[in-house]
Amino acid sequence: AVVAPGAVHVPGWLPPERQRELVAACREWGRGPFPYRHTVLPGGGVMSVRSLCLGRRWEPYRYLDEVGVELPEWLAALGRRAVAEAYGDDGGFAPDTALVNFYDADARMGMHQDKEERSGAPVVSLSLGDRCVFRFGNTETRGKPYTDVELRSGDLFVFGGPSRFAYHGVPKVYPGTADPALGLTGRLNLTLRQTGL
Ligand code: MD3
Ligand code: FE
């Protein structure tokens, strides 16, 4: 479904087996030298999600000239297939960073824009585990108008073109809504990005 120009939602894109593999990979990355952490913002706020980075490292509000854990080639290839699925062509998408966010029952993400990347490339989002409300807004303000979309495990969302710099957030997670067979309590979201740095 095209939610806005350049914003394409593909429900259930990842089959259950690929979802389980991705959950296992997310768990392994968390055991590495850069575990999931609450990000502390320069203003002192602490994000309720816990995050880690693969490939080029991110910190608020910039990318570092540094790679912590390598971005696996299979994950970059999955990102290219995702863009091809959404737009009909991968447009040469070459992600060099992946941000993995973990949401427990109380985690949220406030409305924000992702402006650190220096490329016009889209952002690929993959959701795993609990369902959530994803709020997709406009490029002018944090507030209305916005569209609420429910994201479920296995869903793909690609944000490019005019949607690339829209405000967005996750106002609510529905705890306990993941398939028990997935072996995940909570929600994981992976975003693949091309920093252009
Ligand atoms: C729309 N993550 O990490 S993914 C983020 O579910 C972030 O964890 C949310 O927002 C999450 O920055 C939402 C969907 C998403 C990601 C990046 C975008 C939507 C976007 C960039 C531009 C526009
Ligand atoms: Fe974002």
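The values are calculated or read from the model by the stated rules, or taken from the named source; none is laboratory data. Small disclaimer: the values here were computed from a predicted structure and weren't measured. Quick reminder, even Gly has a Cβ in these numbers, built from the backbone with ideal geometry, and neighbours come from all protein chains shown.
Starting from residues that are near ligand 1 (Cβ under 10 Å from one of its atoms) and polar (S, T, N, Q), keep the ones in segment 143-195 and report whichever is surrounded by the fewest Cβ atoms within 10 Å (Cβ to Cβ).
Filtering segment 143-195 for residues that are near ligand 1 (Cβ under 10 Å from one of its atoms) and polar (S, T, N, Q), the one surrounded by the fewest Cβ atoms within 10 Å (Cβ to Cβ) comes out as THR191.
Got a sec? Which of VAL10, VAL23 is out of contact with any Phe, Trp or Tyr (no Cβ under 7 Å at 6 or more places or on another chain), in contact (Cβ under 8 Å) with a residue 12 or more places away in the chain and surrounded by fewer than 17 Cβ atoms within 10 Å (Cβ to Cβ)?
VAL10
Which residue out of GLY186, GLY161, GLY176, GLY137 is touching a strand residue (DSSP E or B) at 6+ places or on another chain (Cβ under 7 Å) and at positive phi?
Exactly one of GLY186, GLY161, GLY176, GLY137 is touching a strand residue (DSSP E or B) at 6+ places or on another chain (Cβ under 7 Å) and at positive phi, namely GLY186.
Determine whether segment 135-155 contains at least one residue that is part of a strand (DSSP E or B), modelled with pLDDT of 95 or more and touching a Leu at 6+ places or on another chain (Cβ under 9 Å).
The answer is no; no qualifying residue exists.
Just name the residue that is farthest from TYR146 (Cα to Cα) out of those in segment 69-115 that are of a type in the set (S, T, N, Q) and surrounded by 14 or more Cβ atoms within 10 Å (Cβ to Cβ).
The selected residue is THR97.
Could you list, in sequence order, the residues of segment 72-113 that are within 12 Å of VAL49 (Cα to Cα) and more than 16 Å from ligand 2 (Cβ to nearest atom)?
Correct list: ASP104, ALA105, ASP106.
What are the pairs with Cβ atoms under 8 angstrom where one residue, in segment 143-156, is free of Cβ contacts under 8 Å to residues at least 24 places away in the same chain and within 21 Å of THR185 (Cα to Cα) and the other, located anywhere, is within 16 Å of ligand 2 (Cβ to nearest atom) and among the charged types (D, E, K, R)? Sequence gap at least six, or different chains.
Within 8 Å, no pair qualifies.
Report, ordered by the first and then the second residue, all pairs with beta carbons closer than 7 Å, sequence separation of six or more or different chains, a first member in segment 111-133 that is free of Cβ contacts under 8 Å to residues at least 40 places away in the same chain and over 26 Å from GLU17 (Cα atoms), and a second member that is assigned to a loop (DSSP other than H, G, I, E, B) and near ligand 1 (Cβ under 9 Å from one of its atoms).
Close Cβ pairs satisfying both conditions: none exist.
Given the conditions (1) in a loop (DSSP other than H, G, I, E, B); (2) touching a Ser or Thr at 6+ places or on another chain (Cβ under 9 Å), which single one is not true for PHE34?
(2)
So, in segment 44-72, of the ones that are in contact (Cβ under 8 Å) with a residue 24 or more places away in the chain and charged (D, E, K, R), which residue ends up nearest to GLY110 (Cα to Cα)?
In this case the residue turns out to be ARG50.
If you check GLU28 against the conditions, is it part of a helix (DSSP H, G or I) and either away from ligand 2 (no atom under 16 Å from the Cβ) or over 26 Å from PRO171 (Cβ atoms) (or both)?
yes
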